[in-house]
Amino acid sequence: MPSAERIEELLETRRDVGATPVARFEIRYSRYLDPKGNPVRPLPDFARDPGELVSLYRGMVLARRFDAKAVALQRTGRLGTFASSLGQEAVSVGVASAMRADDVLLPSFREHGGQLLRGVSPVELLLFWGGDERGSDFAEACEDFPVCVPVGTHAPHAVGVALAFKLRREKRVAACIFGDGATSKGDVAEALNVAGVWNLPAVFLINNNHWAISVPVSQQTAAETLAQKAISAGIEGEQVDGNDVIAVREATARALAKARAGGGPHLIEALTYRLGDHTTADDASRYRSGPDVSAHWAEDPITRLRNYLVAERLWGKTDEEKLLGEVSGAIERAAETYLATPPQGPETIFDYTYERLPKDLVEQREAALGAVQR
Amino acid sequence: MPSAERIEELLETRRDVGATPVARFEIRYSRYLDPKGNPVRPLPDFARDPGELVSLYRGMVLARRFDAKAVALQRTGRLGTFASSLGQEAVSVGVASAMRADDVLLPSFREHGGQLLRGVSPVELLLFWGGDERGSDFAEACEDFPVCVPVGTHAPHAVGVALAFKLRREKRVAACIFGDGATSKGDVAEALNVAGVWNLPAVFLINNNHWAISVPVSQQTAAETLAQKAISAGIEGEQVDGNDVIAVREATARALAKARAGGGPHLIEALTYRLGDHTTADDASRYRSGPDVSAHWAEDPITRLRNYLVAERLWGKTDEEKLLGEVSGAIERAAETYLATPPQGPETIFDYTYERLPKDLVEQREAALGAVQR
Amino acid sequence: MPEITLVEAVNLALARAMADDATVLVLGEDVGVDGGVFRATNGLLKRFGKERVLDTPLAENVIAGMSVGLAAQGFRPVAEIQFSGFIYPTIDQLANHASRLRTRTRGRLTCPMVVRSPSGGGIRAVEHHSESPEAMFAHIPGLRVVVPSSPARAYGLLLAAIRDPDPVVFLEPTRLYRASREEVDDDGMALPLDRCFVLREGTDITLVTWGATTKEVLAAADTLAAEGVSAEVIDVATLKPLDTDGVLESVAKTGRCVIVHEAPVTCGVGAEIAARIAERGLVSLLAPIERVAGWDTVMPLYRLEQQYLPSEARILAAVRRVLAYQ
Amino acid sequence: MPEITLVEAVNLALARAMADDATVLVLGEDVGVDGGVFRATNGLLKRFGKERVLDTPLAENVIAGMSVGLAAQGFRPVAEIQFSGFIYPTIDQLANHASRLRTRTRGRLTCPMVVRSPSGGGIRAVEHHSESPEAMFAHIPGLRVVVPSSPARAYGLLLAAIRDPDPVVFLEPTRLYRASREEVDDDGMALPLDRCFVLREGTDITLVTWGATTKEVLAAADTLAAEGVSAEVIDVATLKPLDTDGVLESVAKTGRCVIVHEAPVTCGVGAEIAARIAERGLVSLLAPIERVAGWDTVMPLYRLEQQYLPSEARILAAVRRVLAYQ
Ligand SMILES: Cc1ncc(C[n+]2csc(CCOP(=O)(O)OP(=O)(O)O)c2C)c(N)n1
Ligand SMILES: Cc1ncc(C[n+]2csc(CCOP(=O)(O)OP(=O)(O)O)c2C)c(N)n1
Ligand SMILES: [Mg+2]
Ligand SMILES: [Mg+2]
């Protein structure tokens, strides 16, 4: 019970009702499939094509398989620290599926699903997480950015990429994905603002998995939604069910089309949940309870889409088995290739530092090679 | 006229009407006196006390006098580059007048009016702008921050100060003023967000004078109002007529009372206009036209309040003459004291770098003193 | 006395400082219930409560900036930056505010804050988790920069850093966090921030280093001892202000010096040490100085990091060249 | 050929680079209609239009970060940071991204960008407008750091920086912006970024410097010449990568060296130069090296700035000590 003084003060601070409204904003939320896979509203056009849905499904299954393999490799000392996207596969798969090949993806460190869909190979991803720079020398998706490890610092890059498209009058869009934690960083605010004022073709997507390591969103911000971060920048923001890949894809597709048409940037908050540890170096049981997490398994994006496909008779047991076999095979082969890839020589530490190696580095390179031989 | 393709794309990007609203926001604007000084709504309680209004008036006149003197000193080579607040006096005077002595003000470089009202002496301010560190060693307002020259970097300080108050359970508030340009900086976004999530007793005030040197607000952000920067942080934001000192004071008083009562932070956007050059080093005619600026003279906060006071018979010609005499006298005396203040010795370059001077610096200090003697 | 690791010593010092002084606060990302990603703040939340151990939003710039505000208000914030690759956004606040609040206000406001961060490579970490940025801070006037190299020194130096009336950047070598154990007496005794430590006395050559590379340097000194070469090993520990006399005295004795550090060689703190010897100790030098340091390259991803880090072999090779010089 | 100032030479080089290469963009605060607070971008908006000269919102971090994105997409952004005291927020992007995009992607993406900023004191400016942060950038692998000291060198070096395939930090001494005029031929010829400049040949002592202090150093050399002392004056110009040979050759000739710079002495680029001499040029040294630099203090507000900046008197005193040394 507040003190009398406090009550008086609170009364004194009642809102100024005599003031004139000058701007109004609204954040909307959309979902097509409920957690059980039942449609809650008419599906968007693209979803009438079973091939499209199956390919979304395959993308998520591939991501999960990749994740499991990467974690296994890490646990057995054959991969470095790895950030799993378990339970969040719909986010970047939904985003990437809506993009055109010549758009540019700027991912954070938890968006393998989308990267794989864009054509980054599982071998490349394993090499990256295995501490090898060749993992970011993508053979496809050649203009996509490498995984961004510092939280949120790639949002400004997306501004630059989008500006490049706009200046060249190309109908391309920069798509940048970052986490809920990243929305606290000034980089993201600055980037949204510039994208807004210059009306750039950039789509920003918040993968709101509700945790930034041990910090829940409720301790990250007082904002009711993260989508409303857009309002500061004068751009549009919306929320989608991030475990409904149809919703993610549809919202992204709309945003991309708008940006492509010169309609400017857009911010999408995809609500999902991090089912696993933050990374393989983390032990989430220190800061959140098992039962809380388990409850979120009921939201699993893969089961959800499968339920829908099965209910619509678009998917059956044999399809599932075939897909799993194919995906597992691809991932296993990738892991073998990864493990068989010999490390680069120490000279490569030097050779990409500048286009032309300065004299200092020529000397240091020689010393390094000498040190290895010795 | 957009191309057919573009129109089709734009249609495709129509808002998702099937989505559910999950959050709504509104920004309001308040004003008490119109530019001519006529009340447009009942004045707030404090304004029934003529003494209060006269002291606001005096504060603004003092600020303007100080400004004029500082510019004159600069033009004659006796002061460094100076940032005038001509036409914007209502902002910081309104803010400071609402503060308690033990609140803490964190000003940017254009808020002399508020600083003077808080007890910072004109001599101190001149010393600061005259390139002398003693100008920030305030004899009064001892916990107030010095002028912050980097744009927006003091917003995080306000978070720390407010957190200190909250942790000590003191009923004090940190008040931080920055410009429209500062709202593009990540520092401000980060600070608002932390203040919001921790519900800190901090009031942030945007002095929106519509220019950041040569960049108008319309090129700074696509946001319809700057007050809506609050929405990202989940805190309350509002707009006031920043040339109506009554509105600034009232909004600040409400925000301070709310913060003091534990109601958390608040963002106020005060709409004003920079009548002068950015600083004495600037030539605004390079980027904006004279007639545009002249129009804004009609909004002058000092004339506005005087018109009201005169209309209410609270102010007359003799009052005005007496005030001007008094204020001019005070400023002239301050300028004399400033000009008569001998510079500090070179040892003071060293003596405040650390509490205890490390050996390196002891040696360098000796060398410096030797160099001067030589 | 229990034997503890370096990261446990950090934890012990934090707890001791908090117990001794109610104005000491710990803040940063995941420092609360998680106890820090390296567990440096383990148990502090439980013991001191959430008003003294603050899990912040994810934003390094405002972590540094709010620390300035807290410090100006009489608190002693100890901010953790989770990895040194994420410390760059604090530079603006440290260079433009923390380091100069005292001088700008002529002592009216001061800034007794600490920014702690794990630093350095060698733990097979992800990109940006292995940086050694100490030189950038050591260039900023008004800061202190401290790097401990053992549990006992971590304890004593961190206590000193927290008690210091001015801002301190405290970089903890991750590679040493759990590398070894040492008895540390929780006696609340701070170590001096203006003196380097002689880890091993010797007469033939001076090896100057700090942080993680003390390990390779001490190993090299062992190897050299077995060969009859007596190496003096100096852990600079406080990089700013630097204890020039400590280094010069040793070089005066040995006449030869190799400086070892992990950060890129160019404009590293090793350059400053070499420069001071060239200015004030030239007459004692019997051979050119050598630096064995990180290359002037980006820290490689972890597969190649051992080829980046100064190895015992590289240190020995340099020492042998310097010893051979006539 | 017209005689122009250093800031006009910067302007000329920008215009030339933009005319030659349509991918060159200029961006920053007030670079457009205002032409930059020092007029370095004067007239560019009119000539090249607002798609190539972009007035940005007020946010240095995103200015640097969007430049990375633009560069990765094949543009050559030249970003202006209005004063060097506001350059710190760019460090995160420069250290964590710009400088390593090439190495991280094995050359798939590159980062040909320039960050220009006025730097240094001596113009009675407001706080934070007089900083000399070059050493912090010179420590970052993958960057180039360039400081011109005359109109002609500003022209040629800036052209080289813009054409360079990797990121360059280009710091322009405000004190020299309008200090003197020189004939500059707008011939589009770049100067090399890997060689220092001998501004004056001499035999008795080597004076190494860069940027604004070339002025005091050249004055000191004049004074010395009048006394019969022949000083060689080297303008390092490109601080990273450093032309070690250029410095060593001179020191080999003179045997004595004084290094002069404006940034705080500790961990300044002078330390690196002294260290390289101590490593590779020791045998030629006839006397200890001296550094004459900014003190290890915060740059004072302008009333005392002349007591901070290295003066001709301080340089001469150091030279005399070094010459007197036997
Ligand atoms: C700038 C920065 N600070 C700290 C870290 C360490 N760190 C890595 S991930 C992470 C949490 C990120 O949370 P969020 O943005 O929600 O992404 P998520 O991990 O949940 O996908 C932190 C603190 C970092 N990588 N970058
Ligand atoms: C971080 C930073 N960048 C650039 C500058 C140079 N500068 C000084 S004032 C100013 C414009 C500030 O605009 P605004 O925030 O609207 O404040 P106003 O000057 O209009 O009061 C700029 C760019 C600075 N002081 N700090
Ligand atoms: Mg998250
Ligand atoms: Mg403004």
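When DSSP beta bridges are limited to those with both residues in the protein assembly as shown, what percentage is antiparallel, rounded to the nearest 5? Among the beta bridges of the protein assembly as shown, antiparallel pairing accounts for roughly 20 percent. Start at zero, step by 20 Å, and the Cα-Cα distances of the protein assembly as shown spread as 10, 39, 38, 12, 1 percent across the bins.
When +1 charges are put on Lys and Arg Cβ atoms and -1 charges on Asp and Glu Cβ atoms, the dipole computed for segment A:25-343 relative to its Cα centre reaches about 340 debye.
For C:Val33 and D:Val283, the FRET efficiency from 1/(1 + (r/R0)^6), where r spans their Cβ atoms and R0 equals 41 Å, is about 0.10.
In this structure, D:Ala219 and C:Thr203 have a Cβ-Cβ separation that, at R0 = 45 Å, corresponds to a calculated FRET efficiency of about 0.45. Less than 5 angstrom separates the built amide H of D:Arg291 from those of D:Ile259, all sequence-distant by 5 or more or on a different chain.
In this structure the amide hydrogen of A:His210, modeled in the peptide plane, comes within under 5 Å of the amide hydrogens of A:Asp180, A:Thr272, none closer than 5 places in sequence on its chain. With a simple spin-label model that places each label point 7 Å from the Cα along the Cα-to-Cβ direction, the separation between A:Arg48 and A:Glu312 comes to 1.1 nm. Taking the Cα centre of chain D as reference, the dipole from Cβ charges on Lys and Arg (+1) and Asp and Glu (-1) amounts to some 600 debye. Chain A comes nearest to the axis taking it onto chain B at the Cβ of one residue; that residue and its distance, in whole Å, are A:Gly186, 1. Using r as the Cβ-Cβ distance of A:Val362 and C:Asp21, and R0 as 35 Å, what FRET efficiency do you calculate, to the nearest 0.05? FRET efficiency, A:Val362 to C:Asp21: 0.10. Across the copies of the chain, B:Asp34 has label points (7 Å from Cα along Cα→Cβ) spaced 5.6 nm apart, shortest distance listed first. Cα gyration tensor of segment A:25-343, axes a ≥ b ≥ c as square roots of the eigenvalues: rounded (a/c below 1.5), prolate (a/b > b/c) or oblate? Verdict is rounded for segment A:25-343. Beta bridges assigned by DSSP with both partners in segment D:197-324 are antiparallel in approximately 20 percent of cases.
Using the Karplus relation 6.51 cos²θ - 1.76 cosθ + 1.60 with θ = phi - 60°, the per-residue 3J(HN,Hα) values for segment C:111-125 come to 9, x, 10, 10, 10, 9, 7, x, 8, x, x, x, 10, 6, 8 Hz, with x marking Gly and Pro. Label points for C:Asp222 are taken 7 Å from Cα along Cα→Cβ. From this copy to the others they lie 6.2 nm apart, shortest first. Just to be sure I understand: with springs between alpha-carbon atoms less than 10 Å apart, which residue in A:Asn193, A:Asn38, A:Asn208 has the highest mean-square fluctuation in the Gaussian network model of chain A? Sorting by GNM fluctuation, first place goes to A:Asn38. Helix-only arithmetic for the protein assembly as shown: the sum of -39500 (n - 2.57) across DSSP H runs with n ≥ 4, divided by the residue total, places the mean residue ellipticity at 222 nm at -12500 deg cm²/dmol. For D:Gly49, the point set 7 Å out from Cα toward Cβ sits 6.5 nm from its twins in the other copies, listed from shortest up. Long hydrophobic helices in chain C: the complete DSSP H runs spanning 20 Å or more by Cα along their own axis with mean Kyte-Doolittle hydropathy of at least -1.0 are C:6-20. For segment D:157-297, the relative contact order is 23 percent, taking Cα pairs closer than 8 Å that sit 6 or more residues apart in sequence and dividing their mean separation by the residue count.
Where both bridge residues fall in segment A:25-343, DSSP classifies roughly 10% of the beta bridges as antiparallel. Computed from backbone phi with θ = phi - 60° and the Karplus coefficients 6.51, -1.76 and 1.60, the 3J(HN,Hα) list for segment C:291-303 is 10, 10, 8, x, 5, 7, 10, 4, 4, x, 4, 5, 4 Hz; x is used for glycine and proline. In order along segment D:87-100, phi translates into HN-Hα couplings of 8, 4, x, 7, 4, 4, 5, 5, 6, 8, 9, 3, 6, 10 Hz, rounded to whole numbers, per the Karplus curve 6.51 cos²θ - 1.76 cosθ + 1.60 with θ = phi - 60° and x for Gly and Pro.
What pairs in B:Lys229/C:Lys50; A:Lys69/A:Lys322; B:Lys171/B:Lys229 have C-alpha atoms more than 23 Å from each other? Beyond 23 Å between Cα atoms: B:Lys229/C:Lys50; B:Lys171/B:Lys229.
Summarising the amide proton neighbourhood of D:Val184: residues at separation of 5 or more, or on other chains, whose placed amide H is nearer than 5 Å comprise D:Ile4.
Using C-alpha pairs under 8 Å with a sequence gap of at least 6, the mean separation divided by the residue count of chain A gives a relative contact order of 22 percent. For trypsin sites (Lys or Arg not before Pro), no site in segment C:144-187 is both called loop by DSSP and has at most 10 other Cβ atoms within 10 Å. Of all stretches in chain A that contain no GluC sites (Glu not before Pro) in a DSSP loop with at most 16 other Cβ atoms within 10 Å, the longest one is A:1-139. Over segment B:156-271, Cα pairs under 8 Å with separation of 6+ residues give a relative contact order of 32 percent. Electrostatic tally near A:Thr348: other residues with Cβ closer than 13 Å to its Cβ, Lys and Arg +1, Asp and Glu -1, net 0. Note on segment B:46-156: with charges restricted to the Cβ of Lys and Arg (+1) and Asp and Glu (-1), its dipole about the Cα centre is near 540 debye.
Values of log10 I(q)/I(0) for segment C:3-183 across q = 0.13 Å⁻¹ run -0.57, by the Debye formula with one identical scatterer at each alpha carbon and no solvent.
Read-outs throughout are calculated quantities, based only on the coordinates presented, and are distinct from any laboratory measurement. What you see is a predicted model, and the numbers here were worked out from it, not measured in a lab. All Cβ positions, even for glycine, are placed from backbone atoms using ideal geometry, and neighbour counts span all protein chains on display.
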